[in-house]
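Read the structure below first, then the notes.
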Amino acid sequence: MQLPFTHDQFLDVFADYNRALWPVLVLLWVLTVWALWRLYRGRAGSSRILAIVLALHWAWSGVVYHWMFFHRINPVAALFGLGFLVQAALLTWRGVVRTTVTFGPATNGWGWIGVALVAYALFYPKIGWLFGLRFPRLPSFAVPCPTTLLTAGLLLLVPRPEARLLGVIPIVWAAIGGSAAFLLGIRADLALPVAGGVLFAYLLTRGRPDAAQPNPALELPRA
């Protein structure tokens, strides 16, 4: 496959993005950790808050990363950004407005794989650094690939019927973004096809009725 940009151009986009926005990226990382902490402490409304944070990640990646930065070297980023906004809208509708999607702590093997993917997403910039990339020319937090890893991990903590619609776009991006691991040498992205494959398998298999069930105490009463 021939990409419309080079490896150096790809990393230059991240350099511009990180230099311009690093305070916001730190804030989004802290906000994400706080939302996860609330979930595992069993705080009321934590699932809804986590859905808001995830929707923010997808909207941010769509508008800021794809439309404002990546579009400079890849015109298809306009379409990518639209897909990310659709995912943000789905998360908002299903997880915030309707609260038909609820996250819960890991209770089975799928859930613990999800926890591992969430941890990988949180340490994604450090993993890129361990593979030889250096700030600011490295993929950081709150860009499409760690956002997809974070979402895939969290959807493994959601009962299958609730997660299926929300899993489509992350699985598609896991395939698209995972190509960077091979075509651009971004080895931290080797986890993307793995995450996409695991999420796909989870959504297609049938589990016990009590698998990955949410904790009702995590939700606010519906109006």
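What follows is calculated from the coordinates using simple rules that are stated; it is not laboratory data. Since this is a predicted model, take the numbers as computed values, not measurements. Glycine gets a Cβ as well: all are built from the backbone with ideal geometry, and neighbour counts include every protein chain shown.
Spacing of the modelled spin labels on LEU3 and ALA175, each 7 Å from Cα toward Cβ, amounts to 1.9 nm. Estimated at 0.36 nm per residue, the fully extended path between TRP112 and LEU190 surpasses their Cα-Cα distance by 26.2 nm. I want to verify a result. In a Gaussian network model of the chain, Cα cutoff 10 Å, which of these has the top mean-square fluctuation: PRO159, PRO23, PRO136? Highest fluctuation among the options: PRO23. Since only LEU85, SER46, THR151 are under comparison, the one whose Cα sits farthest along the positive direction of the charge dipole of the chain, derived from C-beta charges on Lys, Arg, Asp and Glu, is SER46.
Subtracting the Cα-Cα distance from 0.36 nm times the residue separation, let me have the gained length for ASP16 to LEU130 in nm, one decimal. Walk me through the intermediate numbers first.
Numbers: separation 114, 0.36 × 114 = 41.04 nm, distance 2.09 nm.
Answer, rounded to one decimal: 38.9 nm.
Calculated [222 nm] ellipticity per residue, helices only, for the chain: -20500 deg cm²/dmol; basis is -39500 (n - 2.57) per DSSP H run with n ≥ 4, divided by all residues, nearest 500.
In the chain the longest region clear of trypsin sites (Lys or Arg not before Pro) that are loop-assigned by DSSP and have at most 16 other C-beta atoms within 10 Å covers 99-205. Prolate is the label for the chain. Its Cα gyration tensor axes, ordered a ≥ b ≥ c, give a/c of at least 1.5 and a/b above b/c.
Basic side chains Lys and Arg get +1 at the Cβ, acidic Asp and Glu get -1 at the Cβ, and with that the dipole of the range 7-209 about its Cα centre reaches some 620 debye. When the charge dipole of the chain is built from unit charges on Cβ atoms (+1 for Lys and Arg, -1 for Asp and Glu) and taken about the Cα centre, the candidate among ALA181, TYR120, HIS7 whose Cα reaches farthest toward its positive end is TYR120. Between ALA119 and ARG41, the modelled label-to-label distance comes to 2.1 nm, taking each label 7 Å out from Cα in the direction of the beta carbon.
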